[in-house]
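Below is one structure; the comments refer to it alone.
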Amino acid sequence: MDEQQILSLFHEYSNMVYRLAYSYLRSPQDAEDLVQTVFLKLIDGKALPKPGSERAFLTRITINCCKDQLRSAWRSRTVPMDDTIPFRHSEDRELFHAVMELPEKYRIVIYLHYYEGYTFPEIARFLNISPSGVSMRMHRARTILQKQLRREGL
């Protein structure tokens, strides 16, 4: 893969990779580092996408890198920085925080479906679970979010 192709992929998908990494890691700094890691794998030639499946390929690499980082011993010795993300409406902030409070397995399916537009079978392939497992996680995540948002009066 040449430099121009990698730059093209970076411009097209770096924001998606960042958002997915942020939904896993819950830290803007860690998500930025992970974007660099994912695209360095392309530069090093360690990972090459098939033409036409770049988005799915980058999603899969990002998920794997996030899981590796969450398992690392280094992560257990760090303290998250307190960042505030600007929102236009207070409801957006509360919904964002409610989604980020979900357990990882629910948070990720919500993100991949609603923010990235993946179907249940596609999410199932990324997470190595069945489509019915994705459906169940979505149902449980929505139930948790409904209860949480009702408690907060939204």
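The values are calculated or read from the model by the stated rules, or taken from the named source; none is laboratory data. Computed from a prediction, not measured in an experiment: that's the story for all the values here. Here Cβ is always computed from backbone atoms with ideal geometry, including for glycine, and neighbour counts include all displayed protein chains. Calculation scope for accessible area: heavy atoms of the full protein, side chains included, ligands and nucleic acids excluded. Shrake-Rupley method; radii C 1.70, N 1.55, O 1.52, S 1.80 Å.
Here the sum of -39500 (n - 2.57) over DSSP H runs of 4 or more residues, divided by the residues of the chain, equals -23000 deg cm²/dmol at 222 nm, to the nearest 500. Computed over protein heavy atoms with a 1.4 angstrom probe, the accessible surface ordering of 120, 126, 10, largest first, is 10, 120, 126.
Sequence gap at least 6, Cα distance under 8 Å: using those rules, report the relative contact order of the chain to the nearest whole percent. Dividing the mean separation by the residue count of the chain yields 21 percent. The GluC sites (Glu not before Pro) of the stretch 113-154 that meet both conditions, a loop assignment by DSSP and at most 14 other Cβ atoms within 10 Å of the site Cβ, are 152. Residue-normalised convex hull volume from the C-alpha trace of the stretch 92-154: 70 Å³ per residue.
Projecting the Cα atoms of 138, 6, 21 onto the charge dipole of the chain (Cβ charges, centred on the Cα centre) puts 138 farthest toward the positive pole. Taking every protein chain into account, the accessible area of the chain amounts to 62 square angstrom per residue (probe 1.4 Å). Taking 22 Å as the limit for the C-alpha separation, the pairs 67/105; 105/147; 67/147; 46/105 exceed it in the case of 67/147; 46/105.
If R0 equals 35 Å, the separation of the Cβ atoms of residue 8 and residue 105 corresponds to a calculated FRET efficiency of about 0.60.
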